[in-house]
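These notes concern the structure reproduced below.
The numbers here are math on the coordinates, done by the rules we state, and not lab data. As the structure is a prediction and not an experimental result, all values here were calculated from the model. Please note: Cβ atoms are built from the backbone with ideal geometry, for glycine as well, and neighbour counts cover all protein chains shown.
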Amino acid sequence: MTHTASFPRLTGTEPCRQPDADPEWWTGDDKTDRVAAQLYCRRCLVREACLAWAIDHPKDTGDTIWAGTTRSRRTELRREFTPRTPTSQEELA
């Protein structure tokens, strides 16, 4: 059975939703901005739920920062958490 994470329940108090948080930090190409977004995400109370949703919905997250992670990091995490089927060589061992 495949489980899909629900979109995190937001309260409006998340760091990414604060007036001093520039949306470009999460969506732009500037490395300094993206680091700022990642630092903001570290203090977020819904970070786990946000990360779970982002891992489960790669087409919806694109190249933006989610839960302090980049697209490439989420791809790594997805591979790490995806159960793999043993090869016939491994079954014989």
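Entry note, the chain: relative contact order of 26 percent, from Cα contacts under 8 Å with a spacing of 6+ residues.
Taking label positions 7 Å along the Cα-Cβ direction at both residue 18 and residue 76, the computed distance is 2.7 nm, reported to one decimal. Per-residue ellipticity at 222 nm computed for the chain from its helices equals -13000 deg cm²/dmol, with DSSP H segments shorter than 4 residues left out and the rest contributing -39,500 (n - 2.57). Working note: Cα atoms of segment 24-64, range along each principal axis, descending, whole Å: 26, 24, 10.
Treating each Cα of the chain as an identical point scatterer and summing with the Debye formula, the log10 of I(q)/I(0) at q = 0.20, 0.22, 0.23, 0.24 Å⁻¹ comes to -0.95, -1.12, -1.20, -1.28.
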